[in-house]
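Have a look at the structure below before the remarks.
The values are calculated or read from the model by the stated rules, or taken from the named source; none is laboratory data. These numbers come from a predicted model, not from an experiment. So basically every Cβ, Gly included, is an ideal-geometry build from the backbone, and we count neighbours across all protein chains shown. Surface areas here come from the heavy atoms of the whole protein model, side chains and all, with no ligands, DNA or RNA. Shrake-Rupley method; radii C 1.70, N 1.55, O 1.52, S 1.80 Å.
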Amino acid sequence: ELLLGGPPAEQAPMEEEGVVMERPEAEVALGEEGLRGERPTEEVVVDEAPTPVAPPPPPTASGPTIFADDGVTVMGVTGTAARRDRAARVYEYYSSGFLTEDQALPFGSVQGAVDRPMLKRVKESSFAGMFDNILILPPSGGAYQPGDSLLLAGLLREVTGWGDIVYPTGIARVEEIGPDGVIAVVVAQFNRITDGQVSLPLEAFPDPGEVMPVPVDNGMMGAIIEPRQKNPVPGMQQVVFLDLGRDAGVKPGDMFTVLKASAEVGIAAKGIAYLRVVHTRDQSSTAMIVNLKGLGVEAGAPVQLVQKMPS
């Protein structure tokens, strides 16, 4: 009798055309030992609860932190200049842009992406990305050599009295001299790199080392020339240009506050934003909004130095 969950009924050997078919030995064994017999009882041993392990001690003040120098290289700069806790940051220095101050800078011309084996332009109009090869024409009367690093940029617009806004798009390294210019490889990219942009010899990053800005009283006064992008509402990381530069002693890492004068007589002006200088020119500097408390970061807004990088 076949019961639900019970062993299957014995089947007689099947004969077909003189061939006798039998159940495999494995099946017979399974039926005899596994299905017909009782399942062996296994003794289950329950381990005692593990002894809790004491948590590791907290890091000491002298121990490494997330900002420790781990050998990271950013745009050719290794060590303290590439760390995230620096007053001046190499990425911001090269990517934020600056004003030409009406100077005739030695601009080269980006011709576009090229196919290296053919040394020909890929398209009449093209854009390049990381590690792509581009063709660059040196400035008239100038020359580039293999190993030279070049800043690639677009000219955003002209600012009256201050020249053009140079808006960096990447960094390229010259690889070889071609028949129609130099072949360079893109080693850093900030924005789209296209033909029609310009090139400049890359400035050396003024690495401040471990120093940080210190508070100052009655710091120098200046004003915002113009934001890099004309956004109706300013935001964090937005870039602005100041009318103070190297000639006034401004350095990357200096901190300014944007002031908003009160309409009431005798009430001191209050800060509505904090700016960190990321690049300097002779008469102007480039700063980034790092703390925003209200509206008013616009062309003509007064600024005051509140923290100064040591000399």
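The condition of being part of a strand (DSSP E or B), of a type in the set (Val, Ile, Thr) and in contact with a Phe, Trp or Tyr (Cβ under 8 Å, 6 or more places away or on another chain) holds for residue 290. Just one residue in the set 266, 271 is in a loop (DSSP other than H, G, I, E, B), at pLDDT below 95 and either in contact with a Lys or Arg (Cβ under 9 Å, 6 or more places away or on another chain) or of a type in the set (Gly, Ala, Ser) (or both); that residue is 266. Within region 161-173, being open to solvent by less than 10 Å² (accessible area, probe 1.4 Å) and either among the small types (Gly, Ala, Ser) or touching a Lys or Arg at 6+ places or on another chain (Cβ under 9 Å) (or both) holds for 163, 165, 169, 170, 172.
Can you spot a residue in region 174-185 that is out of contact with any His (no Cβ under 7 Å at 6 or more places or on another chain), open to solvent by 60 Å² or more (accessible area, probe 1.4 Å) and within 21 Å of residue 93 (Cα to Cα)? No, there is no match, as no residue in region 174-185 is out of contact with any His (no Cβ under 7 Å at 6 or more places or on another chain), open to solvent by 60 Å² or more (accessible area, probe 1.4 Å) and within 21 Å of residue 93 (Cα to Cα). On the stretch given as region 203-227, residues that are over 18 Å from residue 308 (Cα atoms) and open to solvent by 50 Å² or more (accessible area, probe 1.4 Å) total 2. Here residue 299 clears all of (1) hydrophobic (A, V, I, L, M, F, W, C); (2) open to solvent by less than 50 Å² (accessible area, probe 1.4 Å); (3) at pLDDT below 95 except the condition numbered (2).
The strands (runs of 3 or more DSSP E) located wholly in region 157-260 that include 1 or more residues which are among the acidic types (Asp, Glu) and either in contact (Cβ under 8 Å) with a residue 60 or more places away in the chain or touching a Cys at 6+ places or on another chain (Cβ under 7 Å) (or both) occupy 163-178, 221-227. Give me the pairs: first residue in region 124-143 and under 14 Å from residue 194 (Cβ atoms) and open to solvent by 70 Å² or more (accessible area, probe 1.4 Å), second residue of a type in the set (A, V, I, L, M) and modelled with pLDDT of 90 or more, beta-carbon distance under 9 Å, and six or more apart or on different chains, which are they? Partner pairs satisfying both residue conditions: 127/113; 127/193. Quick check, is residue 158 of a type in the set (D, E, K, R), surrounded by fewer than 16 Cβ atoms within 10 Å (Cβ to Cβ) and more than 30 Å from residue 227 (Cβ to Cβ)? No: the conditions fail for residue 158. Residues satisfying the criterion are present in region 228-243 (criterion: under 30 Å from residue 112 (Cβ atoms), open to solvent by less than 70 Å² (accessible area, probe 1.4 Å) and of a type in the set (Phe, Trp, Tyr)).
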